[in-house]
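Below you'll find the structure, written out as structure tokens, and then a few comments.
Coordinate-derived values only; no laboratory data. The model shown is predicted, which means the values in this text are computed figures rather than measured ones. Every residue, glycine as well, gets a Cβ built from its backbone with ideal geometry; the counts of neighbours run over all protein chains shown.
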């Protein structure tokens, strides 16, 4: 890519900036940006479940003022011509939202019916009674929990970036979204049921609780990614029930992808690539690979832990959306500091409800380092 210096000679000097209008413009740009982008991308890839929820975000508490004096806290985005060229390097997020069963919640709680057992057919003789069987089900309960992130920027940032107000709004919207998706992934895989994870228990935690042993394949004697064998991978796939195979994919960190899947594939036909619901994904053994950095990213301390999952997440996890991500700006909270607050919130719940038990595996199984 050739990046040339912008021609500033043709640009007229900006006039006075109405800060109130600038803040309002940012809010409009932020709240409309995702919808516009989503509409365009849906037209290009209508079946992409991740794009269907581009406003699905995950949070942490971030309280740090953005200002023009320091590049790391806002100064880098002040010159309008530089803002358009801003470089953002982010690991992929959205593994849970892009693969789980996502349902809309119309109140703060929702019950999702779940089939646990079906009817049984029997041969019967003429004029004999047909044995009665029952369809068995239960409910997956969802309770909305609020996720939030908060940051600030100085009014100078808004003033000096006024010519690129949509880009500025898009920058903050993207950061809020990235934070939300990161939290959702962390909860889905590593949640331990504490308040830090909103009471959510993740796949790794559940596979370690002693109640889902049928879905655990332990690579005995192989405690690092670089010694996992093709037989281990075959045994992992073999542990998955047939019902989950059509929609199955691997879930692994980029380190595990390279040290295990890429290494094993290099001795054969290698890793292939194809579009899955509009997203280009690597393929191993005919199944897509979902890279998720919240799973182990090194060989250190992973013995006895889940280092990879395989299966159909839509059958094992349900994510409830009570309210999708909302980003708001306020010039009042930090009035005495002449700063603008940027707040992002969403209300969701996530339940991992089907990982099997100690007798039968569920629709997602886990590879445990031995």
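Listed from fewest to most Cβ neighbours within 10 Å, the set 212, 353 follows the order 353, 212. Net length available on complete extension from residue 107 to residue 263 is 51.4 nm, with 0.36 nm assigned per residue and the Cα-Cα distance removed. More than 17 angstrom separation, counting every C-alpha pair in segment 138-263; what % is that? In whole percent, the share of Cα-Cα pairs in segment 138-263 beyond 17 Å is 74. Using 0.36 nm per residue and subtracting the Cα-Cα separation, the extra length available between residue 122 and residue 245 on full extension is 41.5 nm.
Short to long, the 5 Å bins of the Cα pair-distance histogram for segment 216-370 hold 2, 9, 14, 18, 16, 13, 8, 6, 5, 4, 3, 2, 0 percent of all pairs. Label sites at residue 211 and residue 360, each approximated as a point 7 angstrom past Cα along Cα to Cβ, lie 1.8 nm apart.
Label 7 Å along Cα→Cβ of residue 146; segment 98-123 residues with amide nitrogen under 12 Å? Inside the label zone: nothing. Cβ-to-Cβ counts within 10 Å put 178, 217, 334 in ascending order as 334, 178, 217, the fewest first. For 105, 285, the sequence from fewest to most other C-beta atoms within 10 Å is 285, 105.
Kirkwood Rh and Cα-based Rg: tell me the resulting Rg over Rh for segment 280-329, rounded to two decimals. My calculation of the ratio gives 1.09.
Whole-percent P(r), segment 299-367, all Cα pairs, 5 Å bins from 0: 4, 13, 12, 12, 10, 11, 9, 8, 7, 7, 4, 1, 0. Extension gain, residue 338 to residue 303, is 7.5 nm, computed as 0.36 nm per intervening residue step minus the present C-alpha separation.
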